[in-house]
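One structure below.
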Amino acid sequence: MPDLNFAVEGAAPIPFSAAPQLNFRLRITDSAGAGALPIPAVALRCQIRIEPTRRRYASAEQDRLLDLFGEPSRWGQTLRSLLWTHTSLSVPPFTGQTVVDLPVPCTYDFNVASTKYFYALEDGEVSLTLLFSGTIFYAEDESGALQVSPISWEKETDYRLPVPVWKAMMELYYPNSAWLCLRQDVFDQLYLYKSRLGLPTWEEALERLLDTCRERVEP
């Protein structure tokens, strides 16, 4: 019965996808080595988690992480593993080992914890844990009868994703932009404010409001 192991060898943005997406170069190796059986297919599932405790944070990064983890003095209690995403892949036939592209969908929605985390980082790497599951299809004997085996839930691997890779992907899809989702009643008020003042862009409406806020808080 095949025993598969997994390792990520790199990651890069997909330039012309319908939505932001990274490709993780995933090496799959059968631990049987030279005696490995042919594997016609693998239905692979993957859960990816962010491990915030495995890196240090600059002062500016700590400020931007307040929304997620609170004050740095409380990080001993609040810093916890974050679910980033789930993804899946149909692995084509191979024997022994293969390298495939694992697609990882991404979002720029700032209501999502993973987006807030990535956005807060200036540089360095994000420590990830990839947990695998799924089904292996293989022929165990000369009769060619297809066998089915589950991938053990113990199968996982770590990868350190460079922060510039994530930033380059978002710059590719949303150059000099960010997405903000608003509650409907708040949007209606902002729309009315913009219309009544005759402001041509949303940026000008928000800048006008920010200027008013600064005037109120300044001594």
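Every number in this text was worked out from the coordinates using simple rules, so none of it is lab data. Computed from a predicted structure; not experimentally measured. Cβ sites come from the backbone with ideal geometry, for glycine too, and all protein chains shown count toward neighbours.
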Can you give me the C-alpha center-to-center distance between segment 59-74 and segment 159-219, rounded to a whole angstrom? 21
Between the DSSP loop rule and a limit of at most 13 other Cβ atoms within 10 Å, which trypsin sites (Lys or Arg not before Pro) in segment 29-130 are left? ARG56, ARG80
Computed over the chain, the relative contact order (Cα-Cα under 8 Å, seq sep at least six) in percent reads 25
Could you give each residue of segment 45-53 its phi-based ³J(HN,Hα) in whole Hz, using Karplus coefficients 6.51, -1.76, 1.60 with θ = phi - 60°, and x for Gly or Pro? 10, 9, 9, 10, 10, 8, 10, x, 6
Options ILE136, PRO15, SER73, ranked by Cα towards positive dipole end of the chain, top entry (Cβ charges): SER73
Evaluate E = 1/(1 + (r/R0)^6) for ALA12 and THR95, where r is the Cβ-Cβ distance and R0 equals 22 Å; express this FRET efficiency to the nearest 0.05. 0.25
Residue by residue through segment 120-128, what is 3J(HN,Hα) from phi via Karplus (6.51 cos²θ - 1.76 cosθ + 1.60, θ = phi - 60°)? Round to whole Hz and write x for glycine and proline. 5, 8, 8, 6, x, 9, 9, 7, 10
In terms of modelled amide H atoms, which long-range or inter-chain residues lie less than 5 Å from the amide H of GLN147? TYR138, ALA139, GLU140
Choose one answer from LEU37, LEU190, LEU161: the residue with the largest mean-square fluctuation in a GNM of the chain with alpha-carbon springs under 10 Å. LEU190
In sequence order, calculated HN-Hα J values of segment 70-78 (Karplus, 6.51, -1.76, 1.60; Hz; x Gly/Pro): x, 5, x, 5, 9, 5, x, 9, 9
Neighbouring Cβ atoms within 10 Å as the yardstick, rank VAL99, VAL148 fewest first. VAL148, VAL99
Tell me which residues come under 5 Å, amide H to amide H, from ALA41 once H is placed; ignore anything under 5 positions away on its chain. PHE137
Along its principal axes, what span do the Cα atoms of segment 136-203 show, with the longest given first and each in whole Å? 78, 29, 22
Relative to the compact globular guide of 2.2 N^0.38 Å, what is the alpha carbon radius of gyration of the chain, as a ratio? 1.35
Mind putting a number on the dipole of segment 87-193 about its Cα centre? Charges go on the C-beta only, +1 for Lys and Arg and -1 for Asp and Glu, and I need it in Debye to the nearest 20. 320
Over the Cα atoms of segment 60-141, what radius of gyration and what Dmax do you get, in Å? 18.2, 60
PRE zone check, label point 7 Å out along Cα-to-Cβ of CYS181, amide N under 15 Å, scope segment 79-109, hits 85, 106-109
Taking the Cα centre of segment 11-165 as the origin and placing charges on Cβ (Lys, Arg +1; Asp, Glu -1), which of TYR108, TYR57, VAL42 is farthest toward the positive end of the dipole? TYR57
Per 5 Å bin from zero, what fraction in whole % of the C-alpha pairs of segment 1-124 is there, up to the bin with the longest pair? 2, 9, 16, 18, 15, 12, 11, 8, 5, 3, 1
